[in-house]
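FYI, it's all coordinate maths here, none of it is from the lab. The shown structure was predicted, so the numbers you read here are calculated from the model rather than taken from an experiment. Please note: Cβ atoms are built from the backbone with ideal geometry, for glycine as well, and neighbour counts cover all protein chains shown.
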Ligand SMILES: NC(=O)c1ccc[n+]([C@@H]2O[C@H](COP(=O)([O-])OP(=O)(O)OC[C@H]3O[C@@H](n4cnc5c(N)ncnc54)[C@H](OP(=O)(O)O)[C@@H]3O)[C@@H](O)[C@H]2O)c1
């Protein structure tokens, strides 16, 4: 599948996400944190999902300090999440906020770079649970809510190593490739759900705690900051992208 480059110069309307409710996984740091704050800045109520409450609370505090809409915190380790847990998330969103307009599936697991020959089935299972199965289960559980929204957006997150096979990226790269395939499959099956779109973002090299781990030899400070992805996240999450589905975008 080809990658659509996102042109620079997109100017989101200041109330782009007014009254929308958006779920972000892995919201406690890195790109998830940046995206959550940006969604709140443009008017959304953001549900911050992640496994470390302390980190989520610090994002909550930043959003509150800016005077944006009060976010919700959903502590959850998606490595342990079952279909029932995903259903509980959807029910909790419905009970507390009554609607859901978008999901940014951002959380990801990464071990280290190593040859497939030494990777284990247990490593594969963990990688697939966090990177593929949990996003699948959350999307499926939230589908009834997303269908009720006037226009709703689901964004999955891949990576260059998922788009193109690369030595030593092992289960991580393979799981990200599965993410791209899953997003495309969802988009084809949901073609008849008006306004509901499913796309994938390949962030590319961007400063983040995970990036330091995956690319230790890189000059981290010379990479673009996570803010460089905000226009793309806003475009895909807001109504300007109503007609876009089944695509892979890079910033
Ligand atoms: N940065 C890049 O250059 C780059 C390039 C390509 C793709 N990506 C993708 O972009 C996304 C964000 O990456 P990032 O660089 O911002 O990574 P990051 O700094 O490591 O952030 C990942 C987030 O996922 C959360 N997470 C991991 N396992 C989880 C679990 N079991 N349950 C709940 N949350 C979990 C982490 O929570 P904790 O805080 O609890 O660890 C963290 O908040 C990932 O999907 C990554 O693969 C990034």
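For the reader, a short list of remarks on this structure follows.
- Residue tally, condition closer than 27 Å to residue 228 by Cβ and assigned to a helix (DSSP H, G or I), over the range 175-211: 15
- Selection status of residue 175, under 21 Å from residue 118 (Cβ atoms) and either within 16 Å of the chain's Cα centre (by Cα) or surrounded by 17 or more Cβ atoms within 10 Å (Cβ to Cβ) (or both): yes
- For the range 43-73, taking the residues that are closer than 16 Å to residue 130 by Cα and surrounded by 20 or more Cβ atoms within 10 Å (Cβ to Cβ), the one that is farthest from the ligand (Cβ to nearest atom) is identified as 49.
- Residue match in the range 187-195 (condition: within 13 Å of the ligand (Cβ to nearest atom), touching a residue at least 24 places away in the same chain (Cβ under 8 Å) and within 18 Å of residue 4 (Cβ to Cβ)): no
- Verdict on residue 116 being within 19 Å of the chain's Cα centre (by Cα) and more than 11 Å from the ligand (Cβ to nearest atom): no
- Filtering the range 90-113 to residues that are touching a strand residue (DSSP E or B) at 6+ places or on another chain (Cβ under 6 Å) and within 15 Å of the ligand (Cβ to nearest atom) leaves 103, 104, 105, 106, 107.
- One residue stands out in the range 147-160 among those that are away from the ligand (no atom under 16 Å from the Cβ) and surrounded by 24 or more Cβ atoms within 10 Å (Cβ to Cβ): the one that is farthest from residue 80 (Cα to Cα), namely 152.
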